[in-house]
Amino acid sequence: MTLRESLTPDERPRERLARLGPKSLTDAELLALLIGSGVRGRHAIGVASDILLQSGGLRGLQRQTAQQLQRTKGLGPARASVLTAAFELASRTSLEDLRAGQVLNRSEQVKTYCRTLLSHREVEHCVALLLDTQHRLIHCEEVSQGTLTQVPIYVREIVKLALNHHASGLIMAHNHPSGVAKPSKADLALTTELSHALQLVDVTFVDHLIVAGPQTASLAELGYM
């Protein structure tokens, strides 16, 4: 079954997108345009709706690899590759304005950057954002990768990284795959230890962010720094 057969011209996603713009389409309709066609007895929007339901929405879909996507009914290698490429392009677009040299001087700007980097990760990852004296981004590097519940972070290595890049300031961010944007005792202990270590080398510990899906907690804003 095709969309052309089941929908009137005014209802078809492609025609509505051209007439009203992409914001007028639902997630399933946008996804249907990417996958192109449906399967026997189910048009593309129906297949897209099934995929979103099985994946737990767009964020769950983004977390899947091309190999995992291919195991979803209605997605073969070609369609899985298209979706993987689309999510990667969206991620790169979000990050492009915050590449090295950009000034990171607004809290929400930094949170958005870190959510783009970490919110779709299925295990804990930790990244360090290194800044110059004007809060311009010098370098961003993943410093550790762990499990669903913890990530090993070595203070000495982070201090060494800051010194190697002649950083004046540092923002650390890691994700909580559990979806709870609340610092653990280990997070607070690490923040204190890293803050003391960075003070010794005259590097400002600007913030420690915890990303949990669409939520981001700032330990500086919460009064822990």
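Of the residues making up the range 34-62, those that are in contact with a Pro (Cβ under 9 Å, 6 or more places away or on another chain) and among the small types (Gly, Ala, Ser) number 1.
Scan the range 24-42 residue by residue and report those that are closer than 26 Å to SER81 by Cβ and at pLDDT 80 or above. Before you say what the answer is, go through the steps one by one.
Narrowing the range 24-42 to residues closer than 26 Å to SER81 by Cβ: 25-42.
Across the range 24-42, the qualifying residues are LEU25, THR26, ASP27, ALA28, GLU29, LEU30, LEU31, ALA32, LEU33, LEU34, ILE35, GLY36.
The set of residues in the range 176-206 being surrounded by 13 or more Cβ atoms within 10 Å (Cβ to Cβ) and closer than 20 Å to LEU137 by Cα consists of LEU194, SER195, LEU198, VAL203, THR204, PHE205, VAL206. Screening the candidates ALA186, ALA181, ALA217 for the property of being out of contact with any helix residue (DSSP H, G or I) (no Cβ under 6 Å at 6 or more places or on another chain), part of a strand (DSSP E or B) and more than 23 Å from THR133 (Cα to Cα) yields one hit, ALA217.
If the requirement is being under 28 Å from SER184 (Cβ atoms), surrounded by 16 or more Cβ atoms within 10 Å (Cβ to Cβ), at pLDDT 80 or above and over 19 Å from the mean Cα position of the chain (by Cα), which of these qualifies: LEU131, LEU137, LEU75?
Numbers: LEU137 fails: over 19 Å from the mean Cα position of the chain (by Cα); LEU75 fails: under 28 Å from SER184 (Cβ atoms).
Of LEU131, LEU137, LEU75, the one residue that is under 28 Å from SER184 (Cβ atoms), surrounded by 16 or more Cβ atoms within 10 Å (Cβ to Cβ), at pLDDT 80 or above and over 19 Å from the mean Cα position of the chain (by Cα) is LEU131.
Being aromatic (Phe, Trp, Tyr) and at pLDDT below 95, is that true of even one residue in the range 194-206? No - not one qualifying residue is present in the range 194-206.
The values are calculated or read from the model by the stated rules, or taken from the named source; none is laboratory data. These numbers come from a predicted model, not from an experiment. Cβ sites come from the backbone with ideal geometry, for glycine too, and all protein chains shown count toward neighbours.
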